[in-house]
Amino acid sequence: MAHNELHETARALVAEGKGILAADESTGTIKKRFDSIGIENNEENRRAYRDLLFTTPGVEEFISGVILFDETIRQSGHDGTPFPQLLESKGIIPGIKVDQGAKPLALAEGETVTEGLDGLRARLEEYRTLGARFAKWRATYSITDTLPSDYCIWTNAHALARYAALCQEAGIVPIVEPEVLQDGTHTIQRSEHVTSRVLDALYTELFDQRVDLEGTLLKPNMVLSGYEASKRAGVDEVAEQSLHAYYKHVPAAVPGIVFLSGGQSDEDATAHLNAMNARGPHPWQLSFSYGRALQAPAIKAWDGKPENVEAGQRAYYHRAKMNSAARTGLWAPEMEREAVAAV
Ligand code: 13P
């Protein structure tokens, strides 16, 4: 298997001005999004919504890849084209979420380990046949005064590395996603400390398990004050503390860091990415792999109604364009107000 192909795919996913759409919500998670607009969580509604996103005219200027869910990679657009082929025809790389969720970690109250390693080799083989060129595995860690434990950090790091090695064996670029959840009242300094420990363990395991870092991408949390903290850090401090953690613990061989949005507002996620890029150049590309921060306005504008498909597409196109601007460090809040003719 040519390692160069993995390197090329990883670099293409963080090509200039482009980032990733995470549209891999599990059936349970998409239900929460559909509940917010009062539509039924059935297979056709899930298909129609993903069709809206994937057929948005011109969005390929800003979107390099899309992460799909197991059901979605097997579905087709309204013209019958399977979603992976539809994306490829626009120059967008199809990807797949392969973890099976964060489950309670044994003997570790309040902590989780991500499952999905059993049978993964065979599943990766099938996903590759279906068109997937990259994958995603998400581990989660909660911050309290005493958590996360070393046990949780190392167990998840080990699983992330096992997943990454299996992906590379199958010719699939692994996105490794260690998400330190930012719920709680913690300070930004505590978030920086925990994020650093998590990244340090992750890169130790990736090295020990022989993963070729140039054929991977990192999808981390940004370093934030807890969402419930009384005094929350502003954009500049978020950029500085986040970069501090990555500079210490993410090897320069990694081609790109593609952030998750993790419950930040759309505009905060864009502003933080922009502020980090404004402090560049950096050893890695700094880009986005947002779920909610790319989709929230689109799902609201769509409202589950066929007559609103274009409005939903305009909203998604606008967020993709704003985050593309944030990749250069030249995004400004005024750009949010400018009308964007998407279609
Ligand atoms: P959010 O951007 O909504 O956090 O989702 C990204 C993702 O893929 C989480 O696994």
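The values are calculated or read from the model by the stated rules, or taken from the named source; none is laboratory data. Since this is a predicted model, take the numbers as computed values, not measurements. Reconstructed Cβ throughout: ideal geometry from the backbone, glycine too, with neighbour counts over all protein chains shown. Areas reflect the complete protein model, heavy atoms only, side chains present, ligands, DNA and RNA absent. Shrake-Rupley method; radii C 1.70, N 1.55, O 1.52, S 1.80 Å.
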In range of the label at A122: residues from the range 83-107 whose backbone nitrogen is under 11 Å from the point 7 Å along Cα→Cβ
none
Only bridges with both residues in the chain count here: give the DSSP antiparallel percent, nearest 5.
10 percent
When the accessible area of the range 198-343 is computed with all protein chains present and a 1.4 Å probe, what percentage of it is carbon and sulfur?
50 percent
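Given a Förster radius of 25 Å and the C-beta distance between K300 and T328 as r, what FRET efficiency does 1/(1 + (r/R0)^6) yield to the nearest 0.05? Write out the running numbers ahead of the final one.
Numbers: r = 27 Å, r/R0 = 1.09.
The calculated FRET efficiency here is 0.35.
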Among T146, T72, T29, the residue with the largest mean-square fluctuation in a Gaussian network model of the chain built from Cα contacts under 10 Å is T146
Contour excess over end-to-end distance, with Cα ends at I37 and Q189 and 0.36 nm allotted per residue
51.0 nm
Do you know the relative contact order of the chain, to the nearest whole percent, from alpha carbon pairs under 8 angstrom that are 6+ apart?
18 percent
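Determine the sum of side-chain charges near N221: Lys and Arg each +1, Asp and Glu each -1, restricted to other residues whose C-beta is under 10 angstrom from that of N221. Walk me through the numbers on the way to the answer.
On the way: positive: K219; negative: E177, E179.
Within the 10 Å Cβ shell, the charges total -1.
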Need one value: the accessible area of D266 in square angstrom, 1.4 angstrom probe, rounded to the nearest 10.
40 Å²
Just by accessible area at a 1.4 angstrom probe, what is the order of K219, K103, K31 from largest to smallest?
K31, K103, K219
Above-threshold pairs, the threshold being 21 Å between Cα atoms, out of K31/K219; K32/K97; K32/K321; K31/K231; K97/K305:
K31/K219; K32/K321; K31/K231; K97/K305
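Tell me, what is the percent relative contact order of the range 80-184, built from C-alpha pairs under 8 Å that lie six or more residues apart?
Values: 169 pairs, mean separation 30.8, N = 105.
Across the range 80-184, relative contact order equals 29 percent.
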Once every DSSP H run of n ≥ 4 in the chain is given -39500 (n - 2.57) and the sum is divided by its residues, what mean residue ellipticity at 222 nm do you get, rounded to the nearest 500 deg cm²/dmol?
-14000 deg cm²/dmol
Under 10 Å, Cα contacts only: if you run a Gaussian network model on the chain, which one of A229, A275, A293 comes out with the highest mean-square fluctuation?
A229
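Rounded to the nearest 5, what is the percent of antiparallel bridges among the DSSP beta bridges in the range 99-205?
On the way: 3 of 11 bridges.
Percent antiparallel among DSSP bridges in the range 99-205 is about 25.
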When DSSP assigns beta bridges and you keep just the ones with both residues in the range 15-173, what percent turn out antiparallel, to the nearest 5?
25 percent
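Please label the shape of the chain as rounded, prolate or oblate, based on the square roots a ≥ b ≥ c of the eigenvalues of the alpha-carbon gyration tensor (a/c under 1.5 means rounded; beyond that, a/b larger than b/c means prolate, else oblate). Could the numbers behind the result be given before it?
Working: a/c = 1.39, a/b = 1.16, b/c = 1.20.
Judged from the Cα gyration tensor, the chain comes out rounded (a/c under 1.5).
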Summed side-chain charge close to R162 - residues other than R162 whose Cβ falls under 12 Å, Lys, Arg +1, Asp, Glu -1:
-4
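Just to confirm a number: summing +1 for Lys and Arg and -1 for Asp and Glu over residues other than A293 whose beta-carbon lies under 10 angstrom from that of A293, what do you get? Numbers along the way, then the final one.
Numbers: positive: R292, R319; negative: D266, E267, D268.
Local net charge: -1.
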